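Taking it in order: structure first as C-alpha cells, then the write-up.
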Amino acid sequence: MSTHEELFERARRVLPGGVSSPVRAFKSVGGTPRYVARGEGATLVGEDGERWTDFCLAWGPLILGHAHPEVVEAVQKAAADGLAFGTTTRAEVELGERILQAYPRHDRVRLMVTGSEAVMTALRLARGHTGRAKILKFGGCYHGCADAMLVKAGSGLVSFGIGDSAGVPTSAAADTLVVPLDDDAALEAAFRDHGHELAAAIVEGLPANNGLLVQRPAWLKRLQALCREYGALFILDEVITGFRFGYHGYDRVVGLEPDLHSLGKIVGGGLPVAAVVGNHKVLDQLAPEGPVYQAGTMGGNPVALAAGNKTLEILARGDTYAHLAQLGRTFDALDKGGVQWVRQGAIVWPWLGDGPPPRTDTALHPSMKPVYGRIFAAWLEAGIYMPPSAFEVGFLCGQHSAEDLAKLVRVAAEAVAG
Ligand SMILES: Cc1ncc(COP(=O)(O)O)c(C=O)c1O
C-alpha cells in the first residue's frame with residue numbers, strides 16, 4: 001500500500017470524503033488523492049518522494065511557484081514577530097496601497113480571508129448601497145460557497161453532478177437570478193424584467209471554474225452598461241484573474257469599469273488573504289464607517305499579509321509577467337496533437353469536446369470526464385500534476401520552463417491518441 005493510500009484511508013475516518021475541499025478527493029478522475037509533503041518552485045513533492053511539475057498551484061495563488069525564497073523569508077520574519085495581533089498594522093496599510101496601485105480607478109480596499117468572504121461582502125455592500133435585494137449571476141460562474149452563490153456554480157458542483165447544494169434554503173437563493181453566459185437576449189430580458197430590483201450583477205470576467213469560458217468583451221460591456229442604466233452595481237469577481245494578466249485586474253484586459261472587484265488567491269501569495277476593492281462612496285458604507293457589517297478575527301492577519309505584500313512587491317518588478325508572456329507564446333507554438341487547448345494569459349485548459357472552445361457551461365458534458373481521467377492518470381505517471389477535474393483550469397507560474405509546457409501537452413496528446 002502506498003503512503004497515499006494509507007493516509008487516505010485514515011483521512012476517510014476523520015474528514016468527510018477524506019478531504020478539506022471537495023475537488024481534492026479525485027472523485028471525477030478516479031484513484032487515490034496524492035498526499036503532498038512539500039513544494040519547490042514549480043514542483044510538488046509527494047509523501048513517497050515523487051516529483052510532479054505542478055500546474056494546479058494551489059488552485060491559483062502561487063503565481064511565483066512554491067515556497068518562493070523571498071516570500072518565505074518575509075513570512076518567517078512576520079511569524080517571528082507575532083502570529084496575530086487583532087490590531088491595526090503597517091502591513092495592512094501597505095497591502096491596501098499595493099492593491100490600489102493596480103486599481104487606480106478606486107480608492108478603498110477591505111482585507112479579509114477567503115474569496116468566498118470577499119464575494120459575500122461585495123454582495124452585501126451592493127445590497128446596502130442600493131437598498132435592493134436581487135443579484136444577477138451567470139450559469140457556470142463560481143463565486144465561492146456563500147449560500148446565495150451556490151446556484152448554477154462551478155466545476156466542484158458539476159463534477160459531482162449536483163446542480164445546487166443541499167442545505168441552501170430556498171429563501172437564500174430566491175434573490176439570485178441566473179442567466180446563461182454569452183446570451184444577449186437572456187441578458188436584456190433579465191434587466192428588462194428585474195433591472196430595477198437588482199442590487200448587483202456579478203460575473204467572472206473570464207469564467208475559469210467550469211473550463212475556461214472566454215467571454216466576448218462586447219457582451220461584458222453590455223452587462224456593465226445595463227448595470228449602469230438600471231442602477232445596479234457591477235461586480236467583477238477577480239479571485240482568479242486579479243494580478244494574473246499583469247499588475248492590474250481583468251478590467252484592464254477587456255476595458256471594463258466595474259464598481260467592485262472581489263480578490264483572493266494571488267493577493268495572499270499562498271496564505272489566506274482576500275479583498276474587496278472599490279470607490280469610497282461604496283466601500284465607506286462598511287462598518288465602522290457605514291451601516292454594512294463585515295468583520296473578522298483573521299482579517300488582515302500579519303503573517304498572511306506578509307506573504308501578500310511580498311508577492312505583490314515581486315510582481316510589481318515585472319519580470320514574472322514577462323516570463324509568463326514568453327511561456328504563453330511558447331505554449332501557443334507547441335504541437336498539441338489531438339487536444340484542443342484554450343489559453344488566456346497564464347491559464348490553460350484542455351477542451352475535450354468537439355468544435356470551437358465553448359463560451360457557456362452548457363457545452364460541457366460528463367462524457368469528458370473519462371477522457372480527462374485517462375489524461376490525468378498519464379500526467380501523474382509522467383510527473384505532472386494538473387487539477388483533478390476535467391472542468392478546472394491549469395495555471396502557469398514564474399518557475400515553469402518551456403520544457404515543462406512541452407511535456408504537459410505531449411503527455412496529453414499521447415494519452416488521447418491511446
Ligand atoms: C472566481 C472565484 N470566486 C470566488 C472564489 C472563492 O474563493 P475561496 O475559495 O478563497 O473562498 C473562487 C475560488 O476558486 C473563485 O474562483
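Select from the stretch 228-252 the residues that are away from the ligand (no atom under 13 Å from the Cβ), under 13 Å from Tyr103 (Cβ atoms) and touching a strand residue (DSSP E or B) at 6+ places or on another chain (Cβ under 7 Å) and list them in ascending order. Break it down into steps so the answer makes sense when it comes.
Step one: list which residues in the stretch 228-252 are away from the ligand (no atom under 13 Å from the Cβ), which gives 228-234, 243, 245-248, 251-252.
When the remaining residues are screened for being under 13 Å from Tyr103 (Cβ atoms), the result is 243, 246-248, 251-252.
Selection gives Asp251 alone.
For the stretch 210-222, which residues satisfy the criterion of being within 16 Å of the ligand (Cβ to nearest atom) and touching a residue at least 40 places away in the same chain (Cβ under 8 Å)?
Hits for the stretch 210-222 are Asn210, Gly211, Leu212, Leu213, Val214, Gln215.
What's the number of the only condition in (1) surrounded by fewer than 17 Cβ atoms within 10 Å (Cβ to Cβ); (2) in the same structural domain as Ala274 (by TED's automatic domain parsing); (3) not in a loop (DSSP other than H, G, I, E, B) that Val45 fails to meet?
It is condition (2) that Val45 fails.
If I ask for residues that are in contact with a helix residue (DSSP H, G or I) (Cβ under 6 Å, 6 or more places away or on another chain) and more than 16 Å from Glu238 (Cβ to Cβ), which ones from the stretch 93-128 would you list?
Correct list: Glu94, Asp107.
Scan Glu92, Glu9 and give me the residue that is surrounded by fewer than 17 Cβ atoms within 10 Å (Cβ to Cβ), farther than 26 Å from Asn209 by Cα and charged (D, E, K, R). Before you say what the answer is, go through the steps one by one.
Details: Glu92 fails: surrounded by fewer than 17 Cβ atoms within 10 Å (Cβ to Cβ).
When all the criteria are applied, what remains is Glu9.
Are any residues in the stretch 178-209 out of contact with any strand residue (DSSP E or B) (no Cβ under 7 Å at 6 or more places or on another chain) and near the ligand (Cβ under 10 Å from one of its atoms), and if so, which ones?
Pro207, Asn209
Considering only the stretch 65-84, how many residues are closer than 15 Å to Met298 by Cβ and in contact with a Cys (Cβ under 9 Å, 6 or more places away or on another chain)?
0
If you check Ala225 against the conditions, is it of a type in the set (A, V, I, L, M, F, W, C), away from the ligand (no atom under 13 Å from the Cβ) and under 21 Å from Thr121 (Cβ atoms)?
Judged against the criteria, Ala225 is not a match.
Given the stretch 167-265, what helices (runs of 4 or more DSSP H) lie entirely inside it while holding 1 or more residues that are among the charged types (D, E, K, R)? I'd like the intermediate steps shown before the answer.
On the way: elements: 170-173, 184-194, 217-230, 250-254.
Per the criteria, 184-194, 217-230, 250-254.
What's the number of the condition Arg90 fails, among (1) touching a residue at least 60 places away in the same chain (Cβ under 8 Å); (2) closer than 23 Å to Ala274 by Cα?
Result: Arg90 fails condition (1) only.
Tell me, please, whether a residue that is modelled with pLDDT of 95 or more and within 30 Å of Val113 (Cβ to Cβ) can be found in the stretch 148-168. Spell out how you get there, then give the answer.
So the first thing to find is which residues in the stretch 148-168 are modelled with pLDDT of 95 or more, and the list is none.
Looking for residues that are modelled with pLDDT of 95 or more and within 30 Å of Val113 (Cβ to Cβ), one finds none in the stretch 148-168, hence no.
Given the criterion under 22 Å from the mean Cα position of the chain (by Cα) and either outside the structural domain of Leu57 (by TED's automatic domain parsing) or assigned to a strand (DSSP E or B) (or both), identify the matching residue among Ala325, Ala304. So that I can check it myself, show each step before the final result.
Numbers: Ala325 fails: either outside the structural domain of Leu57 (by TED's automatic domain parsing) or assigned to a strand (DSSP E or B) (or both).
Result of the check over Ala325, Ala304: Ala304.
Within the stretch 364-391, track down each residue that is of a type in the set (Gly, Ala, Ser) and under 16 Å from Asp354 (Cβ atoms).
So in the stretch 364-391, the residues of a type in the set (Gly, Ala, Ser) come out as 367, 373, 377-378, 382-383, 389-390.
Ser367, Ala390 - these are the residues of the stretch 364-391 that are of a type in the set (Gly, Ala, Ser) and under 16 Å from Asp354 (Cβ atoms).
Determine which member of the set Asp175, Asp237 is charged (D, E, K, R) and at pLDDT below 95.
Values: Asp237 fails: at pLDDT below 95.
Result of the check over Asp175, Asp237: Asp175.
Sort through Arg132, Arg124, Arg110 and tell me the only one that's within 16 Å of the ligand (Cβ to nearest atom), more than 30 Å from Leu324 (Cβ to Cβ) and touching a residue at least 60 places away in the same chain (Cβ under 8 Å). If you could, list the steps in order and put the result at the bottom.
Numbers: Arg132 fails: within 16 Å of the ligand (Cβ to nearest atom); Arg110 fails: more than 30 Å from Leu324 (Cβ to Cβ).
The unique qualifying residue is Arg124.
Being loosely packed, with under 15 Cβ neighbours inside 10 Å and touching a residue at least 24 places away in the same chain (Cβ under 8 Å): is that true of Glu97 here? Before you say what the answer is, go through the steps one by one.
Details: loosely packed, with under 15 Cβ neighbours inside 10 Å: yes; touching a residue at least 24 places away in the same chain (Cβ under 8 Å): no.
Considered against the rule, which asks whether it is loosely packed, with under 15 Cβ neighbours inside 10 Å and touching a residue at least 24 places away in the same chain (Cβ under 8 Å), Glu97 comes out as no.
Please give the number of the condition Glu392 fails out of (1) outside any loop (DSSP other than H, G, I, E, B); (2) in contact with a helix residue (DSSP H, G or I) (Cβ under 6 Å, 6 or more places away or on another chain); (3) of a type in the set (D, E, K, R).
Here Glu392 clears every test but (1).
Restricting to the stretch 39-76, count the residues that are of a type outside the set (Phe, Trp, Tyr), farther than 23 Å from Asp319 by Cβ and away from the ligand (no atom under 16 Å from the Cβ). Walk me through how you get there before you give the answer.
Going residue by residue through the stretch 39-76, those that are of a type outside the set (Phe, Trp, Tyr) are 39-51, 53-54, 56-58, 60-76.
After this cut, where a residue has to be farther than 23 Å from Asp319 by Cβ as well, the list is 44-51, 56, 76.
Subsequent filtering for residues that are away from the ligand (no atom under 16 Å from the Cβ) retains 44-51, 76.
Adding up the residues that qualify gives 9.
Tell me which residues, restricted to the stretch 48-74, are surrounded by fewer than 22 Cβ atoms within 10 Å (Cβ to Cβ) and β-branched (Val, Ile, Thr).
Passing the criteria: only Val72.
Sort through Val254, Val276 and tell me the only one that's farther than 26 Å from Phe391 by Cα and under 20 Å from the mean Cα position of the chain (by Cα). Steps first, please.
On the way: Val254 fails: farther than 26 Å from Phe391 by Cα.
Result: Val276 is the single residue among Val254, Val276 that is farther than 26 Å from Phe391 by Cα and under 20 Å from the mean Cα position of the chain (by Cα).
It is to be established whether one or more residues within the stretch 64-81 are touching a Gly at 6+ places or on another chain (Cβ under 6 Å), part of a helix (DSSP H, G or I) and not β-branched (Val, Ile, Thr).
Kept after step one, since they are touching a Gly at 6+ places or on another chain (Cβ under 6 Å), are these residues of the stretch 64-81: 64-67, 71.
Among the residues that remain, those that are also part of a helix (DSSP H, G or I) are: 71.
Still in the list and also not β-branched (Val, Ile, Thr): none.
No, the stretch 64-81 contains no residue that is touching a Gly at 6+ places or on another chain (Cβ under 6 Å), part of a helix (DSSP H, G or I) and not β-branched (Val, Ile, Thr).
The values are calculated or read from the model by the stated rules, or taken from the named source; none is laboratory data. Keep in mind it's a predicted model, so treat the numbers as computed, not measured. Here Cβ is always computed from backbone atoms with ideal geometry, including for glycine, and neighbour counts include all displayed protein chains.
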